[in-house]
Amino acid sequence: VFDVENDKVVVTGVDVSSPNYATLLAGDSITSVEVSGVQKKCSSPLDLLTVLKGLSPSAGAQGDDSLVLLVDRQELSPCRTCKTFAICSSCASHGRLPWHAAECAAFSALPEGTRTGDTSITRFLLRYKATLANGDWTDEKENMSLVPTLQANPVALPQLEKLAKVAGLDQDTVANLIFQIRTNAMQIDRAGKAACALSVWVGYTNHSCDPNAQVVPDREGLVHMTALRSITPNEEVRFSYVDSTAPFEQRQQILKEHYGFECRCDRCVKEDPNKAASRAQAKLQQKRVERGNAAAAPDPEELKRQQAAADAAMAALLLEESSAKGSKGKKKK
């Protein structure tokens, strides 16, 4: 289907039954037409549009070289049907557009009210269902079947019944998928938040507010984990789930509410104001004992009692800090 937009003849849609479905993309601009070795002379976009509309529906089919179209393709070509999907020229050249037909048809068939606003959860559920039915769109990415192995921290889902009905999935599956995405997805920035990405292998990696690695998704959709410093043998690789430059209280709040755990990494133990007060109190009690030892003719039994109390306070603090070093984000392996 062609139309004139901004003085250009633009492909506005390609029927899934067309032999050109995997070749032409909605959004392509047609610059010239050659039929049986002869380039058609067109003085205006309307002339070009007339020529295109006069072509046989089978023109350009596989094995037919009588039609040659020169196109100007955008970096990302949007789907003119669902108006939410876009495909890059690289994926299009690998024939991945036909895979979108199933999820596109399912989304386009939804009631209009469910296709407005933020539809990211709905579209993910439809993609998950299409993957179960048709396989994944490429074997170069992590398999969707690994997603249920991730940890899922429950939250309230007032729209659960509606989402399950729209997606055609049972409520338990929908709830777990949403919990797993919410617990493990990372933000992608393109001059601000552009999307969220989910990597199962990254999801298996534990958190630290003093990370030794970082995770960065690139423009091709690949996730890179790189070291921030030298990592010693047998040292666990960890990255920060939150902005590591944020204050202690803010980091703890996000980790507790979003990921379901309290971070007890070395940095958090040192920055925790409550633990800092406990350390100060233990040290003060120790100093009092030392001053008591230096005093003239102290009561031996009282000194023993004070020393035991000071030792117990310091031992409890050291034990807590030692156990904190082994704390993890509790990711499901």
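The values are calculated or read from the model by the stated rules, or taken from the named source; none is laboratory data. Worth saying up front: this structure is predicted, and the values here are computed from it rather than measured. Glycine also receives a Cβ, built like all others from the backbone with ideal geometry; neighbour counts cover every protein chain displayed. For the accessible areas, the whole protein counts, side chains as well, though only heavy atoms, and no ligand, DNA or RNA atoms are used. Shrake-Rupley method; radii C 1.70, N 1.55, O 1.52, S 1.80 Å.
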Rounded to the nearest 0.05, what FRET efficiency do ASP243 and GLU301 have when you use their Cβ-Cβ distance and R0 = 35 Å? 0.05
Work out the FRET efficiency for VAL216 and THR116 from their Cβ-Cβ distance, taking R0 = 45 Å, and round it to the nearest 0.05. 0.90
Would you mind estimating how fast segment 115-187 diffuses translationally, via Stokes-Einstein at 4 °C and 1.567 mPa s with the Kirkwood radius over Cα pairs, in µm²/s? 100
Label-point separation, ASP136 to SER89 (7 Å along Cα→Cβ), nm: 2.7
Normalising by the residue count of segment 115-203, find the relative contact order in percent from Cα pairs under 8 Å and 6+ residues apart. 27
What net charge do the residues around VAL174 carry, taking every other residue with its C-beta under 12 Å from that of VAL174, with Lys and Arg at +1 and Asp and Glu at -1? 0
May I ask for the net charge around ARG127, where only other residues with Cβ less than 11 Å from the Cβ of ARG127 are counted and Lys, Arg are +1 while Asp, Glu are -1? 0
Too long at a 18 Å Cα-Cα cut-off: which of LYS162/LYS256; LYS129/LYS162; LYS8/LYS40; LYS83/LYS141? LYS162/LYS256; LYS83/LYS141
Taking 7 Å along the Cα-to-C-beta vector as the label spot, tell me the ASN143-SER36 distance in nanometres, rounded to one decimal. 5.2
Suppose all protein chains stay in the model; what accessible area per residue would a 1.4 Å probe give for segment 101-254, in Å²? 57
Going by accessible area, probe 1.4 Å, with all protein chains left in place, what is the ranking of ASP272, ASP243, largest first? ASP243, ASP272
Carbon and sulfur atoms account, in whole percent of the 1.4 Å probe accessible area of segment 155-247, for 52
Within segment 114-143, the residues whose backbone N lies under 13 Å from a label point placed 7 Å from the Cα of LYS165 along the Cα-to-Cβ direction are 114
Taking every alpha carbon pair in segment 138-244, what does the distance histogram look like in 5 angstrom bins from 0, in percent? 2, 11, 18, 19, 20, 15, 9, 4, 2, 1
